[in-house]
Amino acid sequence: MSQLDYSFGARLVAPNRTRFRFWAPGTQQVSLEIDGRPSMPMRAGVDGWFDVEADCGPGSRYRYRVGDDMAVPDPASRLQAGDVHDASVVCDPDSYQWKNTDWQGRPWHETVLYELHPGALGGFAGIARQLPTLAELGFTAIELMPIADFPGQRNWGYDGVLPYAPDTAYGTPEQLKELIDTAHGLGMMVFLDVVYNHFGPDGNYLGAYAGDFFRDDIKTPWGQAIDFRRRQVRDYFIENAIYWLDEYRFDGLRFDAVHAISEKDFLVEMAERIRAAFPPERHLHLVLENDDNSARMLAQQPGRLYDAQWNDDLHHVLHVMLTGEHEGYYAGYINQAAERLARGLSEGFVYQGEAPLYPGGEPRGEPSGHLPPTSFVLFLQNHDQIGNRAFGDRLTTLSHPDALRAASALLLLSPHIPLVFMGEEIGATTPFLYFTSHLTQELADAVRNGRREEFARFSSFSAPETRERIPDPNAESTFTASIPVADALVASSWRDWYKGVLAIRHAQIVPRLPGARALDTQVLGPRAVKARWMMGDGRVLMIAINLGAAPVAISYEQLADGRGGTILFETQEVPDAALRGELPAHAIIVLLEPAP
C-alpha cells in the first residue's frame, strides 16, 4: 500500500497525537480550534502553509480559525461531525480490520460495471446487502456515484465540497470500508466517481482563505475555475485520488468531466503519480469522462495512463436509434446513424477530429481506431443520460421492448466494457430524477428555477406550464421517486435474462478480450449493422443487429461469411428469418466464426 505523507488535513502521528496541515495563502494567521479546548496558533510556513501538532486522537472535532468572524472545516476533512458547515473529525485510517487482505483486484477486461447511487440503494450498508445478488447475476464491479460530503441529506454527489470526507448520509467510513471489503470477498471490484473540475455551490470555504485555488480568466458551467497551474492544487486532488485507492482500497476511479480541466498535463501527471504509488501487481483502473475524446489519454504505450473512457458517442447514436429523439446533442447523431454506430463499434469514438458536434463549433475528438475495444465503456443508460432528462425517463418507457433487449445484448456481448445503471437489470420503469437537498431556500429556488429554464430551448418544454411540471430537485419526493423498483415478475424475468447473457460474456467473450481488435463493419440498413472483431485467441466475433422496425436484407452467408459458426446468442426470430434472407426487426445475432 502507499505510504504517502498527505500534504493536507489531520493525520495521526501517535495514538493520541495529531498533526494538522492547512494551506491558507490568503491569510497571515490561522488557529486550530479543537472542541472543548483553547485555541492553538498554527505555525506559518512557506507558500501559505500552516501546521501544528496537538495532543488529541480519533473523534476529536476541530475547525480552523481564519478570521475573527470565521472558523472553517478542514478542506481535507476525513469526516464531518454533521454537515459541510460543521466541525471536522480526526480519524484513524487503520481502525478498520480488513478481512480480504490478499485482494489485488481483477484485470480490466473482466469488468462488468454496475453504476449506482448510494442513497437510492440504502447507503453503504444497503449496497452491501445487495452485492451477493449482483455478483450472482454476473456483475464484477460496482461504481458509486460521488460520495464527497455535500450539503443536506440528498444529492447526486456532484455538489460535493469536501472531497476527502464520505458523506454521512450514506454511513460511516467504517461502513464504507466494510462495503468494499464485502465486495472483494465476493470477487467484485468497487469504483468511485470523483469530481475534480469544480466544487458545489454551498459549503466551499476555500475562496475565503485560499483564493489562489481558483482563477477568474476561465469560465465553467459551475462558477470559478480551479487553478490547476498551482502545485498545491494539483497535490490536493492527486493525493485525494491516491487516498481513496489506498485507505479505502477502491479498485478504480471514474474522473468526472475532465474536459472542464484546462491544464491537460494535469491529467497526465495524475495518472502517472497514481500508478507510481502502488505496486504493479495491484489491478487499479482509471476511467475518464471526457467530451474531448482524447485518444492520447488512452494510449497503451509507452506508459498506460487511463484504462478507458465513457463512450458518450456510442450511447448517443444508440439512443437515437432506440427513441428517434433528435434535439440537443442527439442532433449530431441523426444523420447516417447506422454509419455512426458502425464506426463506434469498430473504432470507439464517432467524432475523431473531423467535424464539430454542433454547427460552428470546434472539431471534436482524436483518431481512436488504433485502440483496443476495451478502451471504451459502453452503456445504454447512466445517471446523466436518464437524470438529465426533465422527467428522468428510462429506456423502458421510451423504446420498443424488443429493440431494448437487442440493444442490451449488444451492450453485454460486444468487446467493449459494459456499464449498466441501477434498475436496468430489473426492467425498472421508475424515473431517476435530478435531486438535491440544499440548506437554504434561496439556493433551492435558484436550482429549481434554473433547471426548469434550462429546458425552455426544447420544443416540448416551450410552454411555461409544461416546465412547471418538472419535479422540484429539492423535494424529498423527487428523491424517493428515483429509487428503482419494478413489478416482481418483470424484475425476475430481466434478472434471469441478464444472468444468462452475462454467463455467455464471461465464458465466451472475456477470455478472448486480451489482444482483441476490430476487423470490419457493414451497414445493413438505416438502423442495422454488422461488426466483426478478431479476438485474442484468433477467433472472429460477429454481431449483427437491427434496431429498426422493419427487417433488413441479409443472407446466412453474410452472417458468418458462408462458413457457419458457433452461435452465442440470438433473438428468437433470427434463424428462420435468415433462411428467408432477412434480419428481423429489433433483432440481434452474436456468433463466433469458425477458426481458420
Using a 1.4 Å probe on heavy atoms of the protein chains only, the accessible area for His319 in Å², nearest 10, reads 10
Given charges of +1 on the Cβ of Lys and Arg and -1 on the Cβ of Asp and Glu, with all other atoms neutral, how large is the dipole of the range 477-562 about its Cα centre, in debye to the nearest 20?
180
The answer for chymotrypsin sites (Phe, Trp or Tyr not before Pro) in the range 395-457 that fall in a DSSP coil and have at most 12 neighbouring Cβ atoms within 10 Å is none
Using a simple spin-label model with points 7 Å from Cα along the Cα→Cβ vector, what separation in nm is obtained for Lys219 and Glu476?
3.9
Can you give me the long-range amide H partners of Phe435? Hydrogens built in the peptide plane at 1.01 Å from N, cutoff under 5 Å, separation of 5 or more residues or another chain.
Trp156
Give, in nm to one decimal, the length gained when the segment between Glu327 and His370 is fully stretched (0.36 nm per residue of separation minus the Cα-Cα distance).
12.4 nm
Positive-pole candidate from Leu245, Leu298, Ile274, dipole of the range 181-305, charges at beta carbon
Leu298
The helix 401-413 Cα axis meets the longest alpha-carbon principal axis of the chain at an angle in degrees, between 0 and 90 and rounded to 10, of 70
If ligands, DNA and RNA are left out, what is the accessible area of Met70 with a 1.4 Å probe, given in Å² to the nearest 10?
60
Which FRET efficiency value, to the nearest 0.05, do you get for Glu33 and Gln441 by plugging their Cβ-Cβ distance into 1/(1 + (r/R0)^6) with R0 = 30 Å?
0.50
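Roughly how many percent of the accessible protein surface of the chain is carbon and sulfur, given a 1.4 Å probe and a whole-percent answer?
49
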Test of understanding: extend the Cα→C-beta vector of Arg457 to 7 Å, then name every residue of the range 383-400 with backbone N under 16 Å from that spot.
388-390
Whole-Hz ³J(HN,Hα) for each residue in the range 354-365, computed from phi via Karplus 6.51 cos²θ - 1.76 cosθ + 1.60 with θ = phi - 60°, x for glycine and proline: what do you get?
7, 8, x, 6, 10, x, x, x, 7, x, 10, x
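In the P(r) worked out for the range 399-553, what percent of Cα pairs fall beyond 21 Å?
Cα-Cα pairs of the range 399-553 separated by over 21 Å account for 64 percent.
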Residues whose modelled amide H sits under 5 Å from the amide H of Leu357, counting only those 5 or more places away in sequence or on another chain, are Arg364
Top to bottom by accessible area (1.4 Å), largest first, where do Ile543, Ile334, Ile504 land?
Ile334, Ile504, Ile543
Where in the range 186-235 are there trypsin sites (Lys or Arg not before Pro) that are in a DSSP coil and have at most 14 other Cβ atoms within 10 angstrom of their Cβ?
Arg229
If I fit a long axis through the Cα atoms of helix 123-137 and take the longest principal axis of the Cα atoms of the chain, what angle between them do I get, 0 to 90°, rounded to 10?
20
Any idea of Asp576's accessible area? Nearest 10 Å², probe 1.4 Å.
100
The local net charge around Gly119, scoring Lys/Arg +1 and Asp/Glu -1 for residues other than Gly119 whose Cβ lies under 11 Å from its Cβ, equals 0
Shape of the range 214-349 from its Cα gyration tensor (a ≥ b ≥ c, root eigenvalues): rounded if a/c is under 1.5, otherwise prolate when a/b > b/c, or oblate?
oblate
Have a look at Leu592, Ile509, Gly536 and report the one farthest towards the positive end of the charge dipole of the range 446-596, computed about the Cα centre with Cβ charges (Lys/Arg +1, Asp/Glu -1).
Gly536
What residue among Ser95, Asn388, Ile554 has its Cα farthest toward the positive end of the dipole of the chain, where the charges are +1 on Lys, Arg and -1 on Asp, Glu, each on the Cβ?
Ile554
Taking the Cα centre of the range 108-164 as origin, work out the dipole magnitude from +1 charges on Lys and Arg Cβ and -1 charges on Asp and Glu Cβ, in debye rounded to 20.
180
With each pseudo-label sitting 7 Å past Cα toward Cβ, what's the Arg229-Ala355 distance in nm, one decimal?
3.7
Could you tell me how many degrees, from 0 to 90 and to the nearest 10, lie between the Cα long axis of helix 337-347 and the main elongation axis, the longest principal axis, of the Cα atoms of the chain?
70
Within the range 65-145, DSSP-loop trypsin sites (Lys or Arg not before Pro) with at most 16 other C-beta atoms within 10 Å are Lys99
Roughly what would the spin-label model give for Ser492 and Thr101, points 7 Å off Cα along C-beta, in nm?
4.4
For the range 88-200, what does the accessible surface come to per residue with a 1.4 Å probe? Please give it in Å².
27
Rounding to the nearest 20 debye, state how big the charge dipole of the chain is about its Cα centre with +1 on each Lys and Arg Cβ and -1 on each Asp and Glu Cβ.
820
For the range 1-46 and the range 247-318, what is the separation of their Cα centres, given in Å?
31
Using alpha carbons only, how many angstrom separate the centre of the range 457-523 from the centre of the range 156-223?
24
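The values are calculated or read from the model by the stated rules, or taken from the named source; none is laboratory data. Predicted, not measured: the structure shown is a model, and the values here were computed from it. Methodologically, a virtual Cβ is constructed for each residue, glycine included, from the backbone with ideal geometry; neighbour enumeration extends over all protein chains shown. Ligands, DNA and RNA are excluded from the accessible area calculation, which covers all protein heavy atoms including side chains. Shrake-Rupley method; radii C 1.70, N 1.55, O 1.52, S 1.80 Å.
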